[in-house]
Amino acid sequence: MNLYEIIRWGNDTPDPFNGGPDGQDTCFLVRAQSLEHAAVLADAQLARQPSTRVAAWAQAAYLLGIDCGSDTSARVLRGPYLQHAYRHGWRHWHRDAAEEAWVEQGE
């Protein structure tokens, strides 16, 4: 199982300094077999949160590593949590709409 950080740019809080599309990002730590499955799990969480200022779906994903534990169930391990998403050199993908395919980004 892979570990992904799934990200929606910004957040929907009304805070004038930390909210909105330029505020802290909405992140999820997800264990899944594939990027697409990880995004589906995070998108389901985001769909439950009404959003008026930012997208209601994940826009970026970082591959953090591999979970070598014995639990093989795909699930959201943590989130949503708010923080600025920094890539730190990991493989990463973006999409511009919920229906679009993920596109891996170069260095």
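General observations
- Condition check for Ser34: open to solvent by less than 80 Å² (accessible area, probe 1.4 Å) and of a type in the set (S, T, N, Q): yes
- Residue within the range 31-41 that is under 13 Å from the mean Cα position of the chain (by Cα), assigned to a loop (DSSP other than H, G, I, E, B), closer than 18 Å to Arg87 by Cβ and of a type in the set (Gly, Ala, Ser) present: no
- Selected residue (criterion: farthest from the chain's Cα centre (by Cα)) from residues of the range 42-73 that are of a type in the set (A, V, I, L, M, F, W, C) and surrounded by fewer than 17 Cβ atoms within 10 Å (Cβ to Cβ): Cys68
- Scanning the range 12-31 for residues that are among the hydrophobic types (A, V, I, L, M, F, W, C) and either open to solvent by 40 Å² or more (accessible area, probe 1.4 Å) or free of Cβ contacts under 8 Å to residues at least 12 places away in the same chain (or both) yields a total of 2.
- Taken together, Ala44, Ala101 contain a single residue that is free of Cβ contacts under 8 Å to residues at least 40 places away in the same chain and touching a Lys or Arg at 6+ places or on another chain (Cβ under 8 Å), which is Ala101.
- Selection count, the range 78-107, where residues are among the hydrophobic types (A, V, I, L, M, F, W, C), surrounded by 15 or more Cβ atoms within 10 Å (Cβ to Cβ) and more than 14 Å from Glu36 (Cα to Cα): 2
- Here the range 52-66 is the region considered, the condition is being in a loop (DSSP other than H, G, I, E, B) and hydrophobic (A, V, I, L, M, F, W, C), and the residue that is nearest to Asp15 (Cα to Cα) is Val54.
The values are calculated or read from the model by the stated rules, or taken from the named source; none is laboratory data. All figures in this text were calculated on a predicted structure; none of them were measured in a lab. Cβ sites come from the backbone with ideal geometry, for glycine too, and all protein chains shown count toward neighbours. These area figures cover heavy atoms from the full protein model, side chains too; ligands, DNA and RNA do not enter into them. Shrake-Rupley method; radii C 1.70, N 1.55, O 1.52, S 1.80 Å.
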